[in-house]
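Chemist: This is the structure I have questions about; it appears just below.
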Amino acid sequence: MANIALSSDQTPTLQPGRLELLLRYLRRNKGLAVGLVILLALTLFTVIGLLVVNPKSAYPLSAALKQPPSLKFPFGTDFFGRNLLAAMVLGMWQTAAIGLLAGGIGTLIGVILGFTSAYFGGWVDNIVRVVCQVLTPIPVLLIQVVVAGSLDKRDVTILTMALIVVMLAWMGPTLVIRAQVLTMKERQFVSVAKLSGVSDFGIIFKEILPNLLPFIAAAFVGQVFAAVFASFYLAVLGLGPLREPLLGNIIWAAQSQGAFFNGWWWWPIEPSVAMILILGSLALINMGLDELANPRVRRTE
């Protein structure tokens, strides 16, 4: 809804409302708009699918084997007798759950460590900085593969996958938030708040944190992207919960059965397209949020 304001000659002018400003921004930032549209479409596909399909048909021996896409099986079935429509719906839900859980935990740890390290400094800052400097050069993929490969496949669950992914996921948000808080704590409004007797936690939650929300949102989306990608390649390597219809597990099973060589083209293609859409939408959203978080690339309306 537009707001009415008076110009210098007392002529009423209309100020655009928040919704109109948001639509203008999305129209200008096409990458963010496209990413949100794709993500919304995938979300609707998953939510509606969970209400329509039978989750049991996403598991083996629940449908006819190796059926191509048809009216009865829109996405076809695989070698193990899984309805691939149900498997895709449930697999996208499980992949999203891993991404959101691991991304949320990683971002939360990063925010807590980043604020504590940068604002209070001292020995806490030294420990956090040294640990991040030591762990950052270590290949994350290697650690995740070693840990996932050492577990009994019967013990690997969706929660286990999320915890494996989040092991080193907190370092990126920690370093980003720490750098921003170090800059923010020297600003004049923080000094004024200290002179006014505001407590340290009051300054953190009322003064600094609201200004860093765009950075935190961008860090969260980046962590979700990394977590989804990590869960995908671990599952493709056969290191995930093999019985669950994760998108990576579907591709791993198709590879192990030689789906392309046997003419079952729909089996590996459908989860591959889904992963491309998921990762592409998250990448576009992350780049769009970077414009809000980074004043050097931010443009005015």
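Chemist: Could you tell me how far the Cα centroid of segment 137-184 sits from the Cα centroid of segment 28-50, in Å?
Modeler: So the two Cα centres are separated by 26 Å.
Chemist: With springs only between Cα atoms under 10 Å apart, run a GNM on the chain and tell me which of SER231, SER281, SER272 wobbles the most.
Modeler: Top of the fluctuation ranking is SER272.
Chemist: By count of other Cβ within 10 Å, fewest leading, how are THR77, THR183 ordered?
Modeler: On the way: THR77 27, THR183 9.
Going from sparsest to densest Cβ surroundings: THR183, THR77.
Chemist: Follow-up question, since we're still on this one. Quick one: which residues, 5 or more positions from TYR59 or on another chain, have an amide H under 5 Å from its amide H? H modelled 1.01 Å from N in the peptide plane, none for Pro or chain starts.
Modeler: ASN83
Chemist: Work out, in µm²/s and without decimals, the Stokes-Einstein translational diffusion coefficient of segment 163-221 at 20 °C, 1.002 mPa s, Rh from Kirkwood over C-alpha pairs.
Modeler: Reported coefficient: 170 µm²/s.
Chemist: Still on this structure, I have one more. Using a cut-off of 18 Å between alpha-carbon atoms, which lysines can reach LYS66, once sequence neighbours fewer than 8 places away in the same chain are excluded?
Modeler: Reachable lysines: LYS56.
Chemist: Have a look at VAL221, LEU168, GLN188 and report the one farthest towards the positive end of the charge dipole of segment 145-301, computed about the Cα centre with Cβ charges (Lys/Arg +1, Asp/Glu -1).
Modeler: The Cα lying farthest towards the positive end belongs to GLN188.
Chemist: Charges only on Cβ, +1 for Lys and Arg, -1 for Asp and Glu: so what's the dipole of the chain about the Cα centre, in debye to the nearest 20? Provide the component values of the computation, followed by the final result.
Modeler: Values: 21 positive and 14 negative charges, 45 e Å.
The dipole of the chain has a size of about 220 debye.
Chemist: Now, a different point. Under Stokes-Einstein, with the Kirkwood radius over Cα pairs standing in for Rh, what whole-number D in µm²/s applies to segment 35-82 at 25 °C and 0.890 mPa s? Mind showing how you got there, number by number?
Modeler: Details: Rh = 11.9 Å.
After rounding, the answer is 207 µm²/s.
Chemist: Ranked from highest to lowest mean number of other Cβ atoms within 10 Å per residue, what is the order of the peptides 251-263, 91-103? Provide the component values of the computation, followed by the final result.
Modeler: Details: 251-263: 15.8, 91-103: 22.7.
Top to bottom by mean Cβ count within 10 Å: 91-103, 251-263.
Chemist: Okay, next question. Can you tell which of LEU246, LEU289, GLN67 lies farthest toward the positive end of the dipole of the chain, using +1 and -1 charges on the Cβ of basic and acidic side chains (Lys, Arg; Asp, Glu)?
Modeler: The one lying farthest along the dipole's positive direction is GLN67.
Chemist: Which one, VAL140, LEU36, LEU100, projects farthest toward the positive side of the charge dipole computed for the chain from Cβ point charges (K/R +1, D/E -1)?
Modeler: Going by the Cα projections, it comes out as LEU36.
Chemist: What do you get for the angle between helix 213-236 and the principal long axis of the chain? Use alpha-carbon atoms, 0 to 90 degrees, nearest ten.
Modeler: 20 degrees
Chemist: For the chain, set up a Gaussian network in which alpha carbons nearer than 10 Å are linked by springs, and say which option among MET171, MET184, MET161 fluctuates the most.
Modeler: So, out of MET171, MET184, MET161, the one fluctuating most is MET184.
Chemist: For the chain, calculate the relative contact order in percent as a whole number, restricting contacts to Cα pairs under 8 Å that are 6 or more residues apart.
Modeler: 24 percent
Chemist: Dividing the convex hull volume of the Cα atoms of segment 131-253 by its residue count, what figure in Å³ per residue is obtained?
Modeler: 121 Å³
Chemist: How large is the convex hull of the C-alpha atoms of segment 217-288 per residue, in Å³?
Modeler: In segment 217-288, the Cα convex hull volume per residue is 77 Å³.
Chemist: To the nearest 500 deg cm²/dmol, what mean residue ellipticity at 222 nm is calculated for the chain from DSSP H runs of n ≥ 4 alone, each contributing -39,500 (n - 2.57), summed and divided by the residues? Intermediate results must be reported in sequence, preceding the final value.
Modeler: On the way: 11 runs with 184 residues, N = 301.
About -20500 deg cm²/dmol.
Chemist: How large is the charge dipole for segment 166-265, taken about the Cα centre, if only the Cβ atoms of Lys, Arg (+1) and Asp, Glu (-1) carry charge, to the nearest 20 debye?
Modeler: Its charge dipole is roughly 180 debye.
Chemist: Then there is this: Could you tell me what % of all Cα pairs in segment 187-244 have separations over 14 Å?
Modeler: Across segment 187-244, Cα pairs with separations above 14 Å total 69 percent.
Chemist: Each residue of segment 172-177 in turn: what ³J(HN,Hα) in whole Hz from Karplus with 6.51, -1.76, 1.60 and θ = phi - 60°, glycine and Pro shown as x?
Modeler: x, x, 4, 5, 5, 5
Chemist: Over the chain, with a single point scatterer placed on each C-alpha, what log10 of the ratio I(q)/I(0) does the Debye formula yield at q = 0.06, 0.08 1/Å?
Modeler: The computed values of log10 I(q)/I(0) come out as -0.28, -0.48.
Chemist: Further question: Using Cα positions and a limit of under 17 Å, work out the lysines in reach of LYS206, with same-chain residues fewer than 8 apart set aside.
Modeler: Once the sequence-local lysines are set aside, what remains near LYS206 is LYS185, LYS194.
Read the figures in this text as sums done on the coordinates, not as results from a lab. For clarity, every value in this text was computed on a predicted model and none was experimentally measured. Cβ sites come from the backbone with ideal geometry, for glycine too, and all protein chains shown count toward neighbours.
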